[in-house]
1. Taking 20 °C and 1.002 mPa s as the conditions, I'd like the Stokes-Einstein D for the protein assembly as shown in µm²/s, using the Kirkwood hydrodynamic radius from alpha carbon pairs.
2. Express the relative contact order of segment B:2-242 as a whole percentage, based on alpha carbon pairs under 8 Å and six or more residues apart in sequence.
3. Hey, what's the Kirkwood Rh for segment A:115-226 if you take every pair of different alpha carbons, in angstrom?
4. Among the aspartates and glutamates, which fall within straight-line cross-link reach of A:Lys100, defined as a Cα-Cα distance under 16 Å, with same-chain neighbours fewer than 8 residues apart omitted?
5. Please calculate the 1.4 Å probe accessible area of B:His50, with all protein chains present, and give it to the nearest 10 Å².
6. For B:Tyr33, what accessible surface area do you get with a 1.4 Å probe? Give it in Å², rounded to 10.
7. Averaged over A:87-96, how many beta carbons belonging to a partner chain fall within 10 Å of each residue's beta carbon?
8. Where Rh is the Kirkwood radius over the Cα pairs of chain B, the temperature 10 °C and the viscosity 1.306 mPa s, what D in µm²/s does Stokes-Einstein return?
Amino acid sequence: MIRFENLRKTYGHVEALKGISLHVGEGELFSYLGPNGSGKTTTIKILTGLAVPSAGDAWIHGFHIEKESLHAKRQCGLVTQNINLDNELTVAENLHLHGKLFQMKRKERAERIHELLHYIEIADRMDSPVKSLSGGMKRRVMIARALMHSPRVLFLDEPTAGLDPAIRRRIWSLVKNIQQSGTTIFLTTHYIEEAEFLADRVAFLNEGKIAALDTPQNLMEGLGIWALDRVADQEMQTSFFRDREEANRHIAAREGSFSLRRVNLEDVFIAITGKKVME
Amino acid sequence: MRSMLAIYEREMLILRKRFFRQLASMSVSPLLYLVAFGLGMGRSLKVGDHSYMEFLVPGLVAMNSMMQAFAIASEINIARFYWHIFEEFQAAPISNISYVTGEVLAGITRALLSAVLIVLIAALSGVVLTYNFYFWLAVALNGFVFASLAVGLAMLVKSHSDQALLTNFFITPMAFLGGTFFPEDRMPQWAQYCLHFLPLTHASRAIRAAAFGQPLDFSSYLLLVSMGAVLFILAFHWVNRARE
């Protein structure tokens, strides 16, 4: 569904993407996890036509993103990191204009707007100006707008950035529902729990390169099941264990304060790159 | 076609939402020029067979329609750098020509609207000229030239402040020198030669000739069409430059 080979992007002397290759299957919810500046947004910008790759090729549903750009774009829905709705227009007007940009007919547009606004549960705000909506509502409207033309692939660039945990979870369930309807989803995030909860597969992006690629489960199990944190010499030290008993034996044999928890993707990311995702 | 209309419709929806604010903003500078130059110092002046007020009104139509058509550049830049709505257009399956045509049509509409406003203000000041088809055609062509220039430059600039710089260097000098406030033949020969290269000079000539019911100089129309076409083609090519 999404395929790219040796994708590179340079901005002046800065190499944002250093030749990455990837294949995302149909119906998959794929997550790109990495710190700010790792190249997540650059990848999405290239795949959706907002940026030109310096080298490499990419295809969306078989259409080359540069040579068959209009066909490729028709397959994609994009929710950008910035809220980019027309603030002065109403919710319905924003969706209507998007439908028109994607050559949808009037009747089809009207039906789809009605359907989507019910789906994201803000049908009652259809005629409200976007500027009167909360941040969470605006995010949902952006997702609805991206779904207007029924894309095969939905790109979500940090869709829950800056939202409070309750609204974030509401958006997660919306994203899961969208995937269940058959849409392929390409999600970038720097929230560990978002990738863990949502993704079928995760790629760790670090300094423009893919550092690891697998299911969240496999990545975490590669490190262990249990993580034991201990602060020593003002530094956090984490040890990983296959079973809980082994971790308890480790605690019993040493002095100090320990905290036992499940291994998460952050642990894997640190183990592979030596950095935190939120850095 | 539908996507081109979507670009145009968006600009018109925004214009409609801000209609009265926009009209007020469009009428401030022509009103000041009419009061200061027309009523203040121009009552006793004559330019050829016409009063200075009659001379001034077509010049103000040319200047204001240029400014309003060019103002589309600011709208595009706000959409690009501030609201990020331009990303929505970049991600949509629309050709560069649809995008440029939609924005240029919006610029022409603003130019025509500003001309209507000045005609009304002039009528209230007691100046009624001939507003025939060729008058409106010249206004529309002036809008075409400057909206095309606006879209092209809006694609090249890297920030909103760059846009202000371009306005200061290109549009403001043209507003004063393009045959708006005084007849070109009062300028030295070398200056008259230079003014021939400004599209506003030809727009002022065409608009004034039509408003005075004088024989039309079709070369001005032809020049405006040619300049507009060149700038439109450049804008079309420069849309890709706005991509990262």
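1. Values: Rh = 26.3 Å.
The Stokes-Einstein estimate is 82 µm²/s.
2. On the way: 328 pairs, mean separation 64.1, N = 241.
Relative contact order here is 27 percent.
3. Details: mean 1/r = 0.0646 Å⁻¹.
It works out to 15.5 Å.
4. Leaving aside aspartates and glutamates fewer than 8 places away in the same chain, those within reach of A:Lys100 are A:Asp86, A:Glu108, A:Glu111, B:Glu9, B:Glu11, B:Glu87, B:Glu88, B:Glu103.
5. In the full protein context, B:His50 sits at about 40 Å².
6. Accessible area, nearest 10 Å²: 50 Å².
7. Values: counts 3, 6, 5, 2, 0, 0, 5, 4, 0, 4.
Average per residue, whole number: 3.
8. Working: Rh = 18.3 Å.
Result for D is 87 µm²/s.
The values are calculated or read from the model by the stated rules, or taken from the named source; none is laboratory data. Bear in mind that the values here come from a model prediction, so they are computed numbers and not experimental data. Cβ sites come from the backbone with ideal geometry, for glycine too, and all protein chains shown count toward neighbours. Accessible surface is based on the protein model in full, side chains and every heavy atom, while ligands, DNA and RNA are left aside. Shrake-Rupley method; radii C 1.70, N 1.55, O 1.52, S 1.80 Å.
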